[in-house]
Amino acid sequence: MSKIRVAVFGCGAIAQRRHIPEYANNENVELVAFADPVKERAEEMAAQYGGTAYTDYQELLKNEKLDAVSVCTPNYLHAPMTIAAANAGLHVLVEKPMASNAEEGEQMIEAARKNGVYLMVGHNQRLMPPHVKAKEILDSGKLGKVLTFRTSFGHGGPEGWSLDGRDSWFFRKEEAVMGAMGDLGVHKSDFIRYLLNDEIVEVAGFIGTVHKEGTDVDDNATCIVRMKSGAVGTLMASWTHYRAGDNGTVLWCEKGAMKIGTVHGDEVIVELTDGTVETYKVGAMATNEKQVPSGVIDEFVECILTNTPPRISGEEGLRSLNVILGAFESQATGKIVKL
Ligand SMILES: NC(=O)c1ccc[n+]([C@@H]2O[C@H](COP(=O)([O-])OP(=O)(O)OC[C@H]3O[C@@H](n4cnc5c(N)ncnc54)[C@H](O)[C@@H]3O)[C@@H](O)[C@H]2O)c1
């Protein structure tokens, strides 16, 4: 079988640390081209992995014969790049948040549908080993119904991650659209929807810029959410966890509690009401400092190879984004927003 020909738009941190190496490790993929307006970044990737470097993704699309692209660019470019690639007949793996707003998200889904290509969103939290284990335990029914929960994601901010550091697009609203909520909050709205197999129906958001200077995006958010099932929980996103960064979730259920990623070493802990405590060491959660394979790229390639629609679809990405957009509406209006 011939290899899937892939191009990567944006050669920054997520492309260099996850997408490109994970494509390179996949024997069914040929990396064909890279686009980044910072020419050296695209050239460096082409030199290291083979293929052609471009500064303009549209030129890349015109010149190259491709099957799929990864969109790893600042958030405001996700929609135009995805739509252009879908209209060129290519499958698209787009980073999160999938779009700047709901209309764009819908247009992306429609572009993929009408061109008969797959659209997948890079919600890699679903695939992290502790999260996979937690879902398996919850689905087994041993904890009963989820009643309340908290889920949070915090680190010291993108200055420690983005290739452009403190000068990054992450801090500019025009390019990022949102701050910690688009970076981290959307991971958790996606994860909690997925884990509980449920939808968020109401959201109240307290969102603001608490500490970062010289930015017009949010650096912290605390939200209260209600699920369709009736379960209520909090969802936090922070760029000011300068120490003790967190990617933890705790569920309190009818028959006990589950702690996910809250204790270093024991990634999932189940405490049952009968006194039993079970600990599962299933492999670490990725952090900015310690990258582990995301699994997202292999899953995207597998979907293409086997003609299977991606489970982390555009529709899923949009539902998770809509929760975050609802939280911003709540912050702006001072009201609880129904989704
Ligand atoms: N799934 C995850 O866990 C995860 C983690 C980090 C970032 N992300 C997402 O990945 C995306 C990229 O973030 P990053 O961390 O790599 O940022 P980054 O700042 O490190 O890199 C962004 C790159 O995009 C390039 N770029 C800007 N305009 C471009 C254009 N017109 N064409 C091609 N490239 C262009 C920049 O020059 C830069 O090299 C964002 O949407 C972010 O939210 C996802």
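Couple of notes before you dig in:
- C-alpha long axis of helix 78-87 to longest principal axis of the chain, angle in °: 50 degrees
- Accessible area (Å², 1.4 Å probe, nearest 10) - V263: 60 Å²
- Cα point-scatterer Debye curve for segment 196-339, base-10 log of I(q)/I(0) at q = 0.09, 0.14, 0.18, 0.19 Å⁻¹: -0.39, -0.97, -1.33, -1.35
- Tilt relative to the chain, helix 39-49 - C-alpha long axis, 0 to 90 degrees, to 10: 90 degrees
- In Hz, Karplus ³J(HN,Hα) per residue of segment 242-253 (6.51, -1.76, 1.60; θ = phi - 60°; x = Gly, Pro): 5, 10, 6, x, 9, 9, x, 9, 10, 10, 9, 10
- Ellipsoid equivalent to the chain - semi-axes via the Cα gyration tensor, in Å: 33, 22, 19
- Taking amide H as placed 1.01 Å from N in the peptide plane, N26 has no amide H partner under 5 Å among residues 5 or more places away or on another chain.
- Accessible surface of the chain [probe 1.4 Å, protein heavy atoms]: carbon and sulfur percent: 50 percent
- Eigen-decomposition of the gyration tensor built on the alpha-carbon atoms of segment 118-275 gives equivalent ellipsoid semi-axes of 29, 16, 15 angstrom, largest listed first.
- Accessible-area rank, largest first, for M108, M285, M236: M236, M285, M108, with all protein chains present and a 1.4 angstrom probe.
- Annotation: amide H-H contacts under 5 Å for V282 (H modelled 1.01 Å from N, sequence separation of 5 or more, or interchain): E267, V268.
- For the chain, modelled as a GNM whose springs connect Cα atoms under 10 angstrom apart, the maximal fluctuation among T273, T306, T82 occurs at T306.
- The chain: angle of helix 296-306 to the longest principal axis, Cα-based, in degrees nearest 10: 70 degrees
- Gap separating the Cα centres of segment 288-332 and segment 29-95, nearest whole Å: 19 Å
The values are calculated or read from the model by the stated rules, or taken from the named source; none is laboratory data. What you see is a predicted model; the values in this text were computed from it and never measured. These area figures cover heavy atoms from the full protein model, side chains too; ligands, DNA and RNA do not enter into them. Shrake-Rupley method; radii C 1.70, N 1.55, O 1.52, S 1.80 Å.
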